[in-house]
Every structure is written in structure tokens, then in C-alpha cells.
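Undergrad: After the C-alpha cells below, expect a handful of questions from me.
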Amino acid sequence: MGKGKWSSRQIWATSLALLLLLTGLGLGGHTAQAASVTITNGTDWKDTSGNPIQANSGNILKVGSTYYWYGEHATNGTFDKVNVYTSTDLKNWTFGNSILTKSSATELNSSKIERPKVIYNAATKKYVLWAHYENGSDYSLARVAVATSDTPDGNFVYQGSFRPMGYESRDMTVFVDTDGKAYLITASRQNNGGANNTMAIFQLTADYTNVSSFVGWVFDNAYREAPAVVKKGSTYYLFTSQASGWYPNQGAYATASSMTGTWSALSPFGDPSAYATQIHSIATISGSSGTSYIYMGDRWNPLNLSDHKFIWLPLTLNDSARTATLDWYSSWNIDAAAGTISTPARTNHALGKTATAISATTANPASNANDGNAQTSWAATSSSWPAWWQVDLGSVKSINEVDISWFMYKGSEGYYKYKIEYSTDGVNYTTIDRTNNTTYGFTTDQVSFNARYVRINMVNAVLHNNPNNWYTPTLYEVRVFGN
Ligand code: DGJ
């Protein structure tokens, strides 16, 4: 073979190398990189036909390589149907079926079916749906409902509703352990106390269609709702929200070595409104490179329950330290095939910088609102409005997002009318008007400006249940992101 001439083997090898290179550059069809998709929070999510996804408060189940996303479609708080959507990448969801509807059973004609969860029973090969069941008008029945199907997206056959072993049951979830035992975890009522005063755990029967035993009470008189369970390694996590109706609140979790307990004390996660959400499920995503966890939250508009947003965030579980961490990301990436999550590079330019305010108490200095800890707060010395808090970023920075964790008081939850004011010189300010805000607890604003000084002008708070704003201007945390 002469110099300069290629053998067919060399040509084949070179072509293969070129193909691999192109594929590696993302020009091919099925690279690991191409499987990474972006989850964008705060927007209205549509299915692959362009229709709004209607799957509130449900869960995700993996069957083969397909993810099934179950959830409820309610119209103004009244049950319409439980839907299922399918996806392989966790971003593009195709509508599959309405697996339970108002006409699936007479008692569903006018009812509330909330927080539906579907689990799979490997022994019976049945998919079993559990949900919170109420009549169409109030929350007095406090029952669970059960339905079953031979396929993950079939028409589920309604089995009826009941109070587990006679106990009240409202916000609930079900969890299948690695040993095949399954559990119902539910907001119940202990010792004739208040409704939802204590959570109860029940073990399910072997076929998962009923409860077989009462396991125990958890969080005595703590009024926790919205349970969600995940297991990592040998650590069980039980996430909950505070009972505050549809308003967001401080989420908290407990850990244990077994579903039968003993459960630890509650630790907070996220900011004091769980980034304006209530949890409903944690999706475990296992792939070729690892396992990741998605916090699935509902952002309800308590004044209009049909106006609802899905909020999905990366959940970091350190099972040896038994901690859970939830940070806010307006968008982030997941690769379902690899089981990996990546978050965008960003810098909180406000963190630890010099903060000032209209006034501040000794216990709640201005610096508490940019100390990286949303559990501490800045508070003004009086309840007069408007009020302001400002951070000096030290030099002019390019800013693309401003996140604010706002004070709320349970029972008079308030949202804030505010303005973001920014300046390069501390003299001339430009205003972004957000007096149209109606989101409770946490706001995130996508912005684009250069500034050294960023001021939060708190114009007023609008309180649920109270026409008078009695709040003292208070901020838990302000984060000012740039690259
Ligand atoms: C309180 C919860 O926290 C809400 O998400 C919702 O489930 C309501 N209960 C209605 O049951």
C-alpha cells in the first residue's frame, strides 16, 4: 500500500472517528448531552399538543423507560379528573388519559379528589391510585379514595372511599418501601384535637388497596399537611408543609431509619414560603450516571385555585448527614437518561454586602436580609409604609435576577406591592414597578440592568383577611444575581 493511499479499514476508522466527533458535539441524535432538558419555573407548562398540563398535586412513576406523571385537574377547587402524561425526558409530556373522572363512580359526580398518587404493586401487577376524597362542598368527610388498573394509563376502576381504620384523613401521600411494604401518610386528627392536628402513618395491605395497621402518630399537634416521602440510602425523609390552606408556608422535613420511626424533629427547607409552594411529591430520577431528586411543588393562587403553577426544583439530599437542601432556580437542567441535574452558574452579588434600610431593630439588622440565611430577617422599627431596604454591591454589576423572600404571618398572609430601584451612583435611580405583584411569600424577577445599588421599595402589603396592613416592613432575604 503506497504512501497517501488509505486502506478501506483506515477510511472506515476515520469515518467512525468523525461520526463520534460529530455525535459528541451534539450533532448526532442520541448523545447524553442531547438528553439534558431545561425546567423553567413560574411559567405555564404545556403538553406536547400545546394544551396546559393539568396534573396538580400528583406524582411521577417510572415504568420501563417512560415516566408517568399523574395529577389532578380541578376547576375552581372541584374535582374534574385525574390525568396522566408520559415522557422520557421529563420535559416533553404527552397527554395519556384521564384515568379517573367524575363519571368513574357515582360518588365522584360531585366530589373533591385531591393529591392523587399512583403506586405499582409488583405482586398483583396492578397500578393503585390513592387520593384524598371529599364531597363536593366541604372537607368534613376526611376520607381516602382508592382505584386500580392493570396498566399505568388505563381507566382506573374505582374501589370506593373510606376513613383509614376510622381515622380522619385529608392531605395524604402513599409510599412504597424498598422491601415492598407500602404506607399511607396523612394529615389526621389525634385525641379529638383540631382537624389535621397530627399526621398518621398506616401500613397498606399486601395488595395496596386498603390499610392493614396503624403505624403511629407523627408531629403531635404540629398541624402539618402536604406529606411527601422519599428514601435515600437507608434514610427516610418525610417532607410536609404547615397547615395554611392554599397559602405557601415554611416547608419542613423529618428523617428516620424506618417508616415506623422514630422520626426526628422537623427542620425547615427552602425559604419561609418554600419559594411560594407547597410540596406534593419528590421524584426519584435514576439513570446511567446516578440518581437525582426533584422537589415537585404546587404554587396555588389561593384566590383562584384554577390559576396554578408547577414548581420543580433540584432537591439535594445528604443521607449521611440526614439533611435536605432546596434552593430556588428559575431554570435548571435535568438529564433523565443520566439521572443527573445541573444548575446554572450564578453569583449572588448581594450576599454579605453592606445593607441599609429606612430603620432597623437591633435584633433584625438590615444585614439579615442578605446574609444567605432566609430564616433571619430585617425588620423596620415601625409599621409605617412605604419602607425601603438597600444593598450596595460594592461596584457596578450586571444583574439578571432579583429574588425576594417576603414576610408572611399565618392567618393574615400578605403579598407585597413593591418596586425594585437600581442605581450606578446612589443618586439617580431607575424603577422596575412591581406594584402589580400578587404572589405570596417569594418573588423572582428576571431583569437586565447594571447597578451598584439595589433598593427594594416596599410600597404596601395586601393582607388576606384584613383590609388594614398591620405588618412591620420585614424581609427574610434578598438575592441579586448576575453572572
Ligand atoms: C391544604 C394543602 O396544603 C393544600 O395544598 C390542599 O391540599 C388543601 N389542603 C386542600 O385539601
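What follows is calculated from the coordinates using simple rules that are stated; it is not laboratory data. Just so we're clear, the structure is a prediction, and the values are computed from it rather than from any experiment. Cβ atoms come from the backbone with ideal geometry, glycine included; neighbour counts cover every protein chain shown.
Undergrad: Rank Y236, A122, N59 by how far each Cα sits towards the positive end of the charge dipole of region 37-342 (+1 on Lys, Arg Cβ; -1 on Asp, Glu Cβ) and give me just the farthest.
TA: A122
Undergrad: Let me ask another. Roughly speaking, what is the stretch gain from W470 to N221, that is 0.36 nm per residue apart minus the C-alpha to C-alpha distance, in nm to one decimal?
TA: 86.8 nm
Undergrad: Provide the FRET efficiency to the nearest 0.05 for the D150-N301 pair, computing r from the beta carbons and using R0 = 30 Å.
TA: So the FRET efficiency works out to roughly 0.20.
Undergrad: Where Rh is the Kirkwood radius over the Cα pairs of region 222-273, the temperature 25 °C and the viscosity 0.890 mPa s, what D in µm²/s does Stokes-Einstein return?
TA: Using the Kirkwood radius from Cα pairs, D works out to 216 µm²/s.
Undergrad: Using θ = phi - 60° and the Karplus form 6.51 cos²θ - 1.76 cosθ + 1.60, what ³J(HN,Hα) does each residue of region 166-183 get, whole Hz, x for Gly and Pro?
TA: x, 7, 5, 8, 10, 3, 8, 8, 10, 9, 9, 7, 5, 8, x, 6, 10, 9
Undergrad: K353: which aspartates and glutamates have alpha carbons under 12 Å from its alpha carbon, excluding same-chain residues fewer than 8 sequence positions away?
TA: Filter leaves D371, D392.
Undergrad: Under the Karplus relation 6.51 cos²θ - 1.76 cosθ + 1.60, θ = phi - 60°, what is the ordered set of whole-Hz ³J(HN,Hα) values for region 442-456, x standing for Gly and Pro?
TA: Karplus-based 3J(HN,Hα) across region 442-456 equals 8, 10, 9, 10, 7, 10, 8, 8, 10, 7, 9, 10, 10, 10, 9 Hz.
Undergrad: How big is the dipole moment of region 347-482 about its Cα centre under a simple scheme where the beta carbon of each Lys and Arg is +1, that of each Asp and Glu is -1, and everything else is neutral? Debye, nearest 20, please.
TA: For region 347-482, the charge dipole is close to 80 debye.
Undergrad: Next question. In deg cm²/dmol, rounded to 500, what helix-only [θ] at 222 nm does the chain give when every DSSP H run of at least 4 residues adds -39500 (n - 2.57) and the total is split over its residues?
TA: -1000 deg cm²/dmol
Undergrad: List the residues whose amide H sits under 5 Å from the amide H of V447, counting only those 5 or more places along or on another chain, with H placed 1.01 Å from N in the peptide plane.
TA: When sequence neighbours closer than 5 places are left aside, the close amide H contacts are E401, V402.
Undergrad: Roughly speaking, what is the stretch gain from S320 to T66, that is 0.36 nm per residue apart minus the C-alpha to C-alpha distance, in nm to one decimal?
TA: The S320-T66 span can extend by a further 88.4 nm.
Undergrad: Another question about this same structure. What is the magnitude of the charge dipole of region 37-342 about its Cα centre, with +1 placed on the Cβ of each Lys and Arg, -1 on the Cβ of each Asp and Glu, and no other charges, expressed in debye to the nearest 20? Please report the intermediate quantities before stating the final value.
TA: Values: 21 positive and 24 negative charges, 62 e Å.
Charge dipole, region 37-342, about its Cα centre: 300 debye, nearest 20.
Undergrad: Follow-up. Contour minus end-to-end for S267 and N76, with contour as 0.36 nm per residue of separation and end-to-end as the Cα-Cα distance?
TA: 65.5 nm
Undergrad: Could you tell me which of the pairs K117/K181; K309/K419; K46/K91; K91/K309; K81/K231 are separated by over 19 angstrom between their Cα atoms in the structure shown?
TA: K309/K419; K81/K231
Undergrad: Please list the radius of gyration and Dmax for region 347-482, considering alpha-carbon atoms only, with Å as the unit.
TA: 13.8, 43
Undergrad: Hey, another quick one. For N460, enumerate residues with amide H under 5 Å from its amide H, sequence gap 5+ or separate chain, H modeled in the peptide plane.
TA: Distant-sequence amide H within range of N460: K417.
Undergrad: Among V82, V118, V128, rank each residue by its count of other Cβ atoms within 10 Å, from fewest to most, as a rough exposure measure.
TA: Lowest count first: V128, V118, V82.
Undergrad: Looking at the chain, what % of the alpha carbon pairs are farther apart than 34 Å?
TA: Result for the distance tail: 40 percent.
Undergrad: Sort H349, H464 so the one with the fewest other Cβ atoms within 10 Å of its own Cβ comes first.
TA: Going from sparsest to densest Cβ surroundings: H464, H349.
Undergrad: Moving on. Scan around S281 for amide H atoms under 5 Å from its own, H built in the peptide plane at 1.01 Å from N, and keep only partners 5 or more places away or cross-chain.
TA: Those qualifying (amide H under 5 Å, at least 5 residues apart or on another chain) are M296.
Undergrad: Rounded, prolate or oblate for region 135-222? Axes are the square roots of the Cα gyration tensor eigenvalues, ordered a ≥ b ≥ c, and the cut-off for rounded is a/c under 1.5.
TA: Numbers: a/c = 2.40, a/b = 1.36, b/c = 1.77.
Here region 135-222 falls in the oblate category.
Undergrad: Determine, for V84, V218, the number of other Cβ atoms within 10 Å of each Cβ, and report the residues in order from fewest to most. Intermediate values should be presented prior to the final figure.
TA: On the way: V84 28, V218 23.
The order, fewest Cβ neighbours first, is V218, V84.
Undergrad: Oh, and also: Could you give the size of the charge dipole of region 245-356 about its Cα centre, using +1 on the Cβ of each K and R and -1 on the Cβ of each D and E, expressed in debye and rounded to the nearest 20?
TA: Details: 5 positive and 6 negative charges, 38 e Å.
With Lys and Arg at +1 and Asp and Glu at -1, about 180 debye.
Undergrad: Follow-up. Cα gyration tensor of region 67-186, axes a ≥ b ≥ c as square roots of the eigenvalues: rounded (a/c below 1.5), prolate (a/b > b/c) or oblate?
TA: Taking the square roots of the gyration eigenvalues as a ≥ b ≥ c, region 67-186 is oblate.
Undergrad: Aspartates and glutamates within cross-link reach of K126: Cα-Cα under 16 Å, excluding same-chain residues under 8 positions apart?
TA: The reachable aspartates and glutamates, counting only those whose Cα sits under 16 Å from K126, are D150, D153, D207.
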